[in-house]
Structures are given as C-alpha cells and as structure tokens.
Amino acid sequence: MTDTTTRVAVLVGSLRADSLNRKLAEILKAEAPEGVELDIIAGLDQIPFYNEDLDADNAPDVAVALRQRVAGADRVLAVTPEYNGTMPAVLNNAIDWLSRPYGAGAIVGKPFGVVGATPTPYGGKWAHADTVRSAGIAGAVVVEDVTVSQSAIEVDPTTDADVRAKLLDALARLTEFAPAVSAA
C-alpha cells in the first residue's frame, strides 16, 4: 500500500501569538482536503540569522530541524503578512537556511506557494512577490497562481467565505501541481 498523503510544510511569517496569518494557517490545516496534511513549523524565531560560519561545520539544531521537516514535505506554503513593504525577516531567514547547501537545500525542487493577509489596502502583495522571488532563487518551484494576498481592511479573512474559498483553492492548486518533466 502506498502513502498518498501530500505533506505541506507551512512557514508562518508572523511571530505574534494572535497573528491573523497563524489563524489562517490553522484554518487551512483544519480544512485541508482529504489526503493533504499541513505541518505548521513553529520556532522560526529560534533560528539564528543565517551565517555561513554557523552553517559551515555544525548547523544549529533548530536550523537542522527546519531543514529536515521541509525536506520531508512534498510542498511548501508560506503564510505571511507584509512588514514595511516586504516579507518579515523571520520568513526570509527561514528561506535562507532552507536554500543551503547551495543547489541542494531542503527547498530545492519543492513546489512553493504563498498566501496571507495584512491590515493594509494592498493585502501583502509586495511581501508575497518578494517571498516568491526569494524562494524561486533558493531553488523552489514556484507554482503560478497560488498567491492569495488579502487586505484585512476589506473583510475578516478568518470568517469571510469568499476569502476562505480563495485560500483553500490556492492550497488545492499547490497540492495538485505536477512539475513538468523535461525530456532528456
């Protein structure tokens, strides 16, 4: 019997205990389609800023654990707000750790998407674009049309049926994505 579960590692860009984006990640986890399992990775705030000197001989245990969990996932989903027109430092740092060793990091080849909400009129579009760009450069396979940027000014994304539908659709597209196979 084969395991047909699709495992999605979830990186939440907000550290706040009452984070709207953490709530969205929990909603996605609870409402994930059958056969989809979300692993919300806690402790991103415990990972030191990426420093090649720290990584050279003996990476910190928290960074190794992050890499192992993402390596064991089939997909990666960032759920993030926008801080000062870009992604939060904690998310950028996680992507930095996941991109190493160069060309063979845990994120390399993983289908990747980003969703989230922020209390601005733009809904985090810049943060999401920066996250997609950074993950793509790190080697992830960015899945087109999986980004959902929602303004929390317009509606409450945790209760609005249309927003929930968009988020669940994005999760479905990420999990159903099949990378193109090139002919050798």
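If you plug the beta carbon distance of residue 162 and residue 61 into 1/(1 + (r/R0)^6) with R0 = 41 Å, you get a FRET efficiency near 0.45. Using only alpha-carbon positions in the range 1-92, the gyration tensor eigenvalues give semi-axes of 24, 20, 9 Å once each is multiplied by 5 and square-rooted (largest first). With the charge dipole of the chain set up from +1 on Lys and Arg Cβ and -1 on Asp and Glu Cβ about the Cα centre, the Cα lying farthest toward the positive end among the listed residues 90, 11, 102 is that of 102. When a/c reaches 1.5 or more, the comparison of a/b and b/c decides; with that in mind, is the chain rounded, prolate or oblate per its Cα gyration tensor? Oblate is the answer for the chain, as a/c is 1.5 or above yet b/c matches or exceeds a/b. Peptide packing: for 28-37, 12-21, 108-117, 151-160, the average count of neighbouring Cβ atoms within 10 Å per residue gives the ranking 108-117, 12-21, 151-160, 28-37, highest mean first.
Placing unit charges on each Cβ (+1 for Lys and Arg, -1 for Asp and Glu) gives the range 128-180 a dipole about its Cα centre, and among 139, 172, 159 the Cα reaching farthest toward its positive end belongs to 139. Could you name the aspartates and glutamates in cross-link range of residue 125, using Cα to Cα under 15 Å and dropping any fewer than eight places away on the same chain? Reachable aspartates and glutamates: 82, 144, 145, 154.
Restricting to DSSP H runs of at least four residues, report the calculated mean residue ellipticity at 222 nm for the chain, -39500 (n - 2.57) per run over all residues, nearest 500 deg cm²/dmol.
Working: 6 runs with 68 residues, N = 184.
Helices in the chain give a 222 nm mean residue ellipticity of -11500 deg cm²/dmol.
Rule-based calculations on the coordinates, nothing more; no lab input. Keep in mind it's a predicted model, so treat the numbers as computed, not measured. Note that we place each Cβ from the backbone using ideal geometry, even for glycine, and neighbour counts take in every protein chain shown.
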